[in-house]
Amino acid sequence: MLFNSYEFIFAFLPITLIIFIFISKIDSEKAIAWLVVASLFFYGWWNPIYLFLIIASIAVNYYIGTIINKINSKEKKAKFLLVLGIFLNLSLLGYYKYANFFLESVAYLFSTKFEFQQILLPLAISFFTFQQIAFLVDAYKGITKEYKFLHYALFVTFFPQLIAGPIVHHKEMLPQFMDRMNIKFNINNITIGMIIFTIGLFKKAVLADGIAVHANPVFSLAEAGHQLGFFQSWGGALSYTLQLYFDFSGYSDMAIGGARLFGIKIPLNFHSPYKALNIAEFWRRWHMTLSRFLRDYVYIALGGNKRGKVRRYLNLFVTMLLGGLWHGAGWTFVVWGALHGTYLIINHGWSFIVQKFNLLFLEKSKIWRGFSWAITFSVVVVGWVFFRAANFDTAILLLEGMWGNHGISIPNGLAVHLGGLRDLLNTIGINFTLGGGKDFVLTYVWIMFLLPVALVFPNTQQIMDRFEPAFNKVVDNPVTVLLYNNILMRCIKFKFSYGWAIAMSIILTFGILALSQVSEFLYFQF
């Protein structure tokens, strides 16, 4: 069941909320039990068979975590149970997500041909696996407390964050479930939740799906082996860059809004990442809870920055490589992770040079900040090409087009309106092709509309800032605040008024009307 579907919006969500409100007035524990049942139904809607998988995973991890909690972490038994729990979780993830990838790679490497059955990937397995590994590690460290099985089950299955995150931490969620003040009817929570959910729906159904029609054909042509020109290649790459942005941003808003309806605040997972001035800042803004998990349970576990600079850079690279592989079982995801690992190494190297030679004055230069943003945004777009491409050849072919290796051309229908400029363009090597004028114009109109929205407008959490919409609040660095502190950021703040009521009604209407072309969230496949 998708957030952006009629079944969810007009049936599942209102029925679940109404029954929750009724039960919460009687008994908060029964209300939690209802949310667990509803969340399992939500998960089983896709494929009921995998309900047994997630229930078994919850039961085993809770049992292991409870035993670890009761014994001293210095005992060998505690460490054995931790290793066993992590092994079981990773084995489950490895079988369902990477078995086919491994067999295909072996077959290709040894030029063998054998048939194997495709294993269907269970929804959300990457997310609930990481959440439970973090729970076991924290139990071993003595951080977790004694929790009821019902609360733990809701921690794993809570439907607003179950399918595509955020990857929540037990200390963020379980105390909220145990607080009876949260598990009760609150009209403010319902109002705020509906507003955030509405904004997210609009981002996904109208903006992300609207520009998707200009991204998908370009990647399909490249996959078929077509050599695409400069503008066509960049049009496709930028369209996907913005599609992914509003798709993930929309999902994150809908998750936060959906959780808030029930009085629960979940962590921010998305905070205007294309405003980042360097790649490290990008990762502090993009898929924030995954970045946190990779930092706390992979990078630090590998030694972090405590074993010298060379080892630090190696740990960064390996962490991002694993992060890429987490996103998908394919070599393009491995390359994407390796690219970002390399980006981070270069970024940290540059930071060292800045400190060493006292170049901090560069941050005060608008030209330098603009250059830093352009470099960061460009390398992120290059990475998204590998992230989206069906295979390595497709990515390379598209990148060659973006580099201009396949020529530069514009549709002839557009060129005829350029007058004398047409001849000038021809002399510098720009060609004119028949057809495609409408697609060319629409593609770049969408890009020129959505890119400023991503860069200049406040995000949903900033719009709703005074209502504390999420569990955590992000504090931007002073340089980024200075660069993006414009009149829109200061003026577009939600308040209860007729103007905002009309605006939300219009946004909701457009979002609902766009549901006739329902599409999955891009992060559902991970």
Exercise for the section: Output ³J(HN,Hα) for the range 188-201: one whole-Hz value per residue in order, computed from phi by the Karplus curve 6.51 cos²θ - 1.76 cosθ + 1.60 with θ = phi - 60°, and x for Gly and Pro. Expected result: 5, 4, 5, 5, 4, x, 5, 5, 5, 4, 4, 4, x, 4
Fill in the blank from the handout: Surrounding charge for Leu242, neighbours by C-beta under 15 angstrom, Lys/Arg +1, Asp/Glu -1, total +2
Problem - ³J(HN,Hα) computed for each position of the range 242-254 - Karplus, 6.51 cos²θ - 1.76 cosθ + 1.60, integer Hz, glycine/proline x - result: 7, 4, 5, 4, 6, 5, 6, 5, x, 4, 4, 5, 5
Problem - Least to most buried among His327, His340 (fewest other Cβ within 10 Å first) - result: His327, His340
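Neighbour counts of other C-beta atoms within 10 Å: give me His348, His169 arranged from fewest to most. Provide the component values of the computation, followed by the final result.
On the way: His348 17, His169 20.
Least to most surrounded, the residues fall as His348, His169.
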Handout entry: the range 98-225: relative contact order as a whole-number percent, Cα under 8 Å and 6+ apart
Key = 20
Fill in the blank from the handout: If one compares the long axis through the Cα atoms of helix 498-513 with the longest principal axis of the Cα atoms of the chain, the angle in degrees, nearest 10, works out at 80
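Listed highest first by mean packing, meaning other Cβ atoms within 10 Å per residue, what order do 230-242, 295-307 come in? Intermediate results must be reported in sequence, preceding the final value.
Details: 230-242: 24.2, 295-307: 14.7.
Result, highest mean Cβ count within 10 Å first: 230-242, 295-307.
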Practice task
Given the peptides 30-36, 203-209, arrange them by the average over their residues of other C-beta atoms within 10 Å, most packed first.
Solution key: 203-209, 30-36
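Show me the ranking of peptides 438-449, 353-364 by mean Cβ neighbours inside 10 Å, starting with the highest.
On the way: 438-449: 15.9, 353-364: 10.3.
Ranked from most to least packed, the peptides come out as 438-449, 353-364.
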Handout entry: Degrees separating the helix 209-223 axis from the principal Cα axis of the chain, which is the longest one
Key = 70
Practice task
Quick one: net charge around Gly413, please, counting Lys, Arg +1 and Asp, Glu -1 for every other residue with C-beta under 13 Å from its C-beta.
Solution key: +1
Problem - Farthest toward positive dipole pole in the chain [+1 Lys/Arg, -1 Asp/Glu at C-beta], among Leu421, Leu513, Phe101 - result: Phe101
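Going by the alpha-carbon gyration tensor, a ≥ b ≥ c the square roots of its eigenvalues, is the range 6-185 rounded (a/c under 1.5) or, if a/c is not under 1.5, prolate (a/b greater than b/c) versus oblate?
Working: a/c = 3.05, a/b = 1.29, b/c = 2.36.
Judged from the Cα gyration tensor, the range 6-185 comes out oblate (a/c at least 1.5, b/c at or above a/b).
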Practice task
State the Cα centre-to-centre distance between the range 102-170 and the range 323-361 in whole Å.
Solution key: 25
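Provide the gained length on full extension for the span Ile67 to Met178, in nm with one decimal, where the gain is 0.36 nm per separating residue minus the Cα-Cα distance. Could the numbers behind the result be given before it?
On the way: separation 111, 0.36 × 111 = 39.96 nm, distance 2.09 nm.
My answer for the length gained is 37.9 nm.
About the Cα centre, and with charges only on the beta carbon of Lys, Arg (+1) and Asp, Glu (-1), how big is the dipole of the chain? Nearest 20 debye, please.
Values: 41 positive and 25 negative charges, 397 e Å.
Roughly 1900 debye for the chain.
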Handout entry: Helix 99-109 vs. the chain, principal-axis angle (Cα, 0 to 90°, nearest 10)
Key = 40
Handout entry: Order of Trp336, Trp403 under a 10 Å beta carbon neighbour criterion, fewest first
Key = Trp403, Trp336
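Report the net charge of residues surrounding Lys145, where surrounding means a beta-carbon distance below 13 angstrom and charges are Lys +1, Arg +1, Asp -1, Glu -1.
Net charge around Lys145: +2.
How high is the relative contact order of the chain, in percent, counting Cα pairs under 8 Å that sit 6 or more residues apart?
Working: 672 pairs, mean separation 96.3, N = 526.
After rounding, I find 18 percent.
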Completion exercise
With 0.36 nm assigned to each residue of separation and the Cα-Cα distance removed, Trp46 to Val354 gains 105.8 nm
Practice task
Please compute the Cα-Cα pair-distance distribution of the range 207-340 with 10 Å bins starting at 0, giving whole percents from short to long.
Solution key: 11, 29, 35, 19, 6, 0
Fill in the blank from the handout: Between Lys306 and Ala501, Cβ-based FRET efficiency (R0 35 Å, step 0.05) works out to 0.05
Practice task
Round to the nearest 0.05 the FRET efficiency obtained for Leu362 and Asn485 when R0 = 22 Å and r is the Cβ-Cβ distance.
Solution key: 0.65
Handout entry: Residue-by-residue Karplus 3J(HN,Hα) for the range 42-58, coefficients 6.51, -1.76, 1.60, Hz, glycine and proline x
Key = 4, 5, x, 4, 6, 7, x, 4, 6, 4, 4, 5, 6, 5, 5, 4, 4
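What's the magnitude of the charge dipole for the range 6-185 around its Cα centre, counting Lys and Arg as +1 and Asp and Glu as -1 at the beta-carbon? Answer in Debye, nearest 20.
Roughly 600 debye, rounded to the nearest 20.
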Problem - Built amide H within the under 5 Å cut-off of Ser519, gap 5+ - result: none
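Any read-out appearing in this document is the output of simple, stated calculations on the displayed coordinates, not a laboratory observation. Everything numeric here is computed off the predicted structure, so don't read it as measured data. No Cβ is skipped: glycine too gets one built from the backbone with ideal geometry, and neighbour counts run over all protein chains shown.
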